[in-house]
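Quick notes on the structure that follows.
Every number here is computed from the coordinates shown, using simple stated rules; none is lab data. As the structure is a prediction and not an experimental result, all values here were calculated from the model. Virtual Cβ from ideal backbone geometry, glycine too; neighbours counted across all protein chains shown.
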Amino acid sequence: MTTTVDPYAQLRSTSPARFLYALNPLAKFVAPLPAMLALVFVRDAATPLAFAALAYLLLLIGARFTVRLAVILGLAVPLGILLIGFGLSVWTDAALVSGTGAVLQLGGWTLYAGAVHVGFATALRLGAIVVLALLPGLTTTGPDLVRSMVQQLRVPYRIGYTALAAFRFVPRFGHELDIIRQAHRVRGSHGGRGPFAAIARWSGYIVPLLAGGIRHAERVALAMDSRAFGAYPDRTERHLVPWRARDTVFVALFWLVTVALFLLLAPWGG
């Protein structure tokens, strides 16, 4: 049995303490944006570590604790930082850091401490940016993001909802592909093992998948026409996503903490 995950399903908070779900999606994008941009230019390890710790704290407090969140924060992010850090340490030009101490020596190859510092500082910067991006990414739905862009940023609804309808095709295609695979399995077609059997199996999925996609696109187009989509310059929203005072407070506090961390850690030697 295969479970289809809809990334646009409504996210519900299980506790009033999970405050991230109650914030406007734009507030969660705007608040960490200056820190994410500034982290691109820092070269130390302490600053990205501090911002990663801040993002971890906000996610553990403000987001619903699920298996996916535990795997991302406890396994995927640390493992990714370790792999990228080691890879960049090996990749760093040894001639630039030959004045630092040797950490590892295999035959004629030497891994210097300077290379390790450069590699893991870069990996930590990437990891901190990713974790900061998870603040809106894990606690915002696609429809709410589009609604907030239309209502607060005045993005034309024709663009916003058309893009959202296009993105909705992704989970739909996954569901269609699962049904096609089950149907082929029941009929016993394209059985066997090996790469050639796999290529034959997947080539048999293409035509019915395209046919299902075209049928779904026609249904979506008819549904949008029946709702007079695009007939007027604006349309009434049944579900409002307002910008409240708590959104302003969240953005202001996040920016204050960002400035305080940069002043305290002085990554540019100020």
With only helices counted (DSSP H, runs n ≥ 4, each -39500 (n - 2.57)), the per-residue ellipticity at 222 nm for the chain, to the nearest 500, works out to -20500 deg cm²/dmol
Helix 195-226: inclination vs the chain longest Cα principal axis, degrees, rounded to 10, gives 70 degrees
Rounded to 0.05, the calculated FRET efficiency for the beta carbons of residue 67 and residue 154 at R₀ = 45 Å is 0.70
Taking a ≥ b ≥ c as the square roots of the eigenvalues of the Cα gyration tensor, with a/c under 1.5 meaning rounded and otherwise prolate when a/b exceeds b/c and oblate if not, the chain is oblate
Calc'd 3J(HN,Hα), region 26-40, phi into Karplus 6.51 cos²θ - 1.76 cosθ + 1.60 (θ = phi - 60°), Hz, glycine/Pro = x, comes to 5, 5, 6, 7, 6, 4, x, 4, x, 5, 5, 5, 5, 5, 5
Measuring from the longest principal axis of the C-alpha atoms of the chain, the long axis of helix 142-152 (C-alpha) lies at a number of degrees, nearest 10, equal to 80 degrees
Ordering 79-89, 95-105 by per-residue average of other C-beta atoms within 10 angstrom, highest first, gives 79-89, 95-105
In degrees, nearest 10, the alpha-carbon axis of helix 46-62 is tilted away from the dominant principal axis of the alpha carbons of the chain by 40 degrees
